[in-house]
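Below: the structure, in structure tokens.
The values are calculated or read from the model by the stated rules, or taken from the named source; none is laboratory data. Only a predicted model underlies this, so the values are computations on that prediction, with no experimental measurement involved. Cβ placement follows ideal geometry from the backbone for every residue including glycine, while neighbour counts extend to all protein chains displayed.
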Amino acid sequence: MLRLAVLVSGGGTNLQAIMDSIKVGAITNAEIVTVISNNKGAYALERAKAYGAESLLLSPKDFNTREEFNQKLLETLKEREIDLVVLAGYLVVVPPCVIKEYENRIINIHPSLIPSFCGTGCYGLHVHEKALARGVKVSGATVHFVDEGTDTGPIILQQPVMVRQGDTPEILQKRIMEQAEWIILPKAIDLIANGKVHVDGRTVTIDE
Ligand code: GRF
């Protein structure tokens, strides 16, 4: 069983997709051990409780220094013998000590086709604002491993989504969630849990 920690900051619809996929058997060989939020008001925490997973509040604001927070996060993951860290709308920069300890064992969902519309400051609705401002006809979502850069790690899965005339950032965000994010994030977890994902430098191969 792959032991998952899901890190969240907001509504938690991607967390919900993971929980639903485990329930119906679309993700096998994986269990959610803990859900960690930096935001007390995150609805994701309610979802975790309803599902019956441990939910933890761990905010940099509650620590004297960032280093103390970083160490606490690392310790929390290690204590629970976490195998895979899933960033599902987590708005905190993952500390280098965690990235080092969990090399190629942290994944993130990003709401665009990387390398478009990603990097520092490109999160949430900003991503879709930028895509619409550039006038792209196709956007989508990416699941990637997390390295020390911002959205620079090896790409695992991508799913394109058509942009439609008249889209607002909110409309495009919703379509990308429904048609891409909620599908490829659970799928990536299932593939990893079943040993089908292999990383060689920046290239990921997936067993058929
Ligand atoms: C998603 O758009 C995800 O791609 C991004 O943050 C958003 C989180 O949404 N990283 P939710 O909390 O899963 O509903």
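Brief remarks on what is shown
- Yes/no for Asn70 being over 16 Å from the mean Cα position of the chain (by Cα) and farther than 29 Å from Leu172 by Cα: yes
- Filtering region 4-27 to residues that are of a type in the set (Val, Ile, Thr) and more than 15 Å from the ligand (Cβ to nearest atom) leaves Ile22, Val24, Ile27.
- Condition met for Lys100 (away from the ligand (no atom under 16 Å from the Cβ), more than 16 Å from the chain's Cα centre (by Cα), within 26 Å of Lys196 (Cα to Cα) and not hydrophobic (A, V, I, L, M, F, W, C)): yes
- Checking each residue in region 28-55 for being more than 16 Å from the ligand (Cβ to nearest atom) and either in a strand (DSSP E or B) or touching a residue at least 60 places away in the same chain (Cβ under 8 Å) (or both) picks out Thr28, Asn29, Ala30, Glu31, Val33, Thr34, Glu54.
- Residue that is over 15 Å from Lys174 (Cβ atoms) and more than 11 Å from the ligand (Cβ to nearest atom), where the choices are Ser139, Ser116: Ser116
- Pairs with Cβ under 8 Å, 6+ apart, first in region 84-97 and without any contact (Cβ under 8 Å) to a residue 12 or more places away in the chain and within 8 Å of the ligand (Cβ to nearest atom), second among the β-branched types (Val, Ile, Thr) and assigned to a helix (DSSP H, G or I): none
- Within region 133-147, considering residues that are of a type in the set (Gly, Ala, Ser) and farther than 25 Å from Val197 by Cβ, the one surrounded by the fewest Cβ atoms within 10 Å (Cβ to Cβ): Gly135
- Unmet criterion (only one of (1) within 15 Å of the chain's Cα centre (by Cα); (2) assigned to a loop (DSSP other than H, G, I, E, B)) for Pro115: (1)
- Listed conditions (1) in contact with a strand residue (DSSP E or B) (Cβ under 6 Å, 6 or more places away or on another chain); (2) more than 22 Å from Ile32 (Cα to Cα); (3) surrounded by fewer than 20 Cβ atoms within 10 Å (Cβ to Cβ) are all met by Thr150, apart from (1).
- Residue that is buried (at least 18 other Cβ atoms within 10 Å of the Cβ), in a helix (DSSP H, G or I), modelled with pLDDT of 95 or more and within 15 Å of the ligand (Cβ to nearest atom), where the choices are Lys174, Lys130: Lys130
- Asn64 fulfils the conditions (1) in a loop (DSSP other than H, G, I, E, B); (2) under 24 Å from Leu191 (Cα atoms); (3) not basic (Lys, Arg) except for a single criterion, (2).
Conditions (1) touching an Asp or Glu at 6+ places or on another chain (Cβ under 6 Å); (2) polar (S, T, N, Q), marked per residue:
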| position | (1), (2) |
| --- | --- |
| Val85 | no, no |
| Val92 | no, no |
| Tyr102 | no, no |
| Ile109 | yes, no |
| Ser112 | no, yes |
| Cys118 | yes, no |
| Cys122 | no, no |
